[in-house]
Amino acid sequence: MRRYVSDTAELTDEYGIQIGRWTQYRDLGPLPFDAMWCVIPPGGSSTEDVHPEVEFAVVTRGTAIYEAGGEKVEVPTGGVILLEPEQRHVIHNPSPEQPLTILSVYWMPRPEAGRPDAGDGAGRD
């Protein structure tokens, strides 16, 4: 059993917030996904981000407001937001006192049947 805590992660400044990529945990070895801690200061916001991966983001501390496509969604502690590939988004921390912490897990989407990049369509896992 291993334990990883955002409070002790090595963070860097990226996207206007602090990021702790899980590649810092060398004992994990290769994973079937990528992950990072996202820490947004009180009253802060990320810069707009867009990427080819699917993103599954779990709010681990605070409340997040995700803004995407003109829509704003509030996500409380323990809540999850799922972002589709190429979905432009900004994350806001509405708290004037508490940092917002998110665990972001992301991966490249699997090709869909019938698409040119779907391979032979056999559906192998």
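Quick notes on this one:
- Per residue, the accessible area of the chain comes to 64 Å² when a 1.4 Å probe rolls over the protein heavy atoms.
- Charge context of residue 26, other residues only, Cβ under 13 angstrom, K/R +1, D/E -1: 0
- Over segment 59-105, volume per residue of the alpha carbon convex hull, in Å³: 68
- Accessible surface of the chain, 1.4 Å probe, proportion on carbon and sulfur as whole %: 52
- Relative contact order computed over segment 5-45 (Cα-Cα under 8 Å; 6+ residues apart), in percent: 40
- Cα centre as origin, Lys/Arg/Asp/Glu Cβ charges: the chain dipole, Debye: 400
- Reported label for calculated Cα extents along the principal axes in Å given (i) 149, 42, 14; (ii) 81, 24, 20; (iii) 53, 40, 24: (iii)
The values are calculated or read from the model by the stated rules, or taken from the named source; none is laboratory data. Source: prediction; values computed, not measured. FYI the Cβ positions are ideal-geometry reconstructions off the backbone, even for glycines, and counts take in every protein chain you see. SASA here: full protein model, heavy atoms, side chains in, ligands and nucleic acids out. Shrake-Rupley method; radii C 1.70, N 1.55, O 1.52, S 1.80 Å.
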